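Let me begin by presenting the structure, written as structure tokens, before commenting on it.
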Amino acid sequence: MRRFLVVGNQTLGSDELRAAIVERIAAGPTRFHVVVPATHPHDHLTWSEGEATALARARLDETLAWMHAEGALTTGEVGDANPFLAVSDALLHDDYDEIILSTFPAGKSRWIRQDLPHRVARHTTTPVRHVVARAPKPEVTR
């Protein structure tokens, strides 16, 4: 059974990540562990650690629900606010065949500005697949 570490936050519900997950499920027996770093919301001027954790937990629960609906065997956790540390912590506890790292595109993504996909790839021998989700469309107010 192949094991995958999935890391994301705001992009966890993206079509691009869903396609990557479904592709792996179709290829044979799989198990997924989802880590959602409790990063602070960038659209708020003020935030609390509890708010960041609650938001990450909600995204984790939604992600596990759609993955279960696709037939995936999954576990998950809310990780450190620093996404690199969240990945590092997960790698200490299990071995994976691939890390799937989901971000927004350059310009929108703080994780890209932090060079996270390359930093994670240099930190481990596990292959890293970087899935880029389309940036959300701005909401139109009337």
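Considering the convex hull of the alpha carbon atoms of the stretch 57-142, report its projected area averaged over all viewing directions, in nm², one decimal.
7.3
Starting from the Cα gyration tensor of the stretch 4-111, multiply each eigenvalue by 5, take the square root, and state the resulting semi-axes largest first in whole Å.
23, 15, 13
Hey, what did the chain get for relative contact order, percent, Cα under 8 Å, at least 6 apart?
Here the relative contact order equals 30 percent.
Once R0 is set to 22 Å, what does the formula 1/(1 + (r/R0)^6) return for the Cβ-Cβ distance between N82 and A54, expressed as a FRET efficiency to the nearest 0.05?
0.75
Readers should treat all values here as calculations from the given coordinates under stated rules, not as data from a laboratory. Predicted, not measured: the structure shown is a model, and the values here were computed from it. Here Cβ is always computed from backbone atoms with ideal geometry, including for glycine, and neighbour counts include all displayed protein chains.
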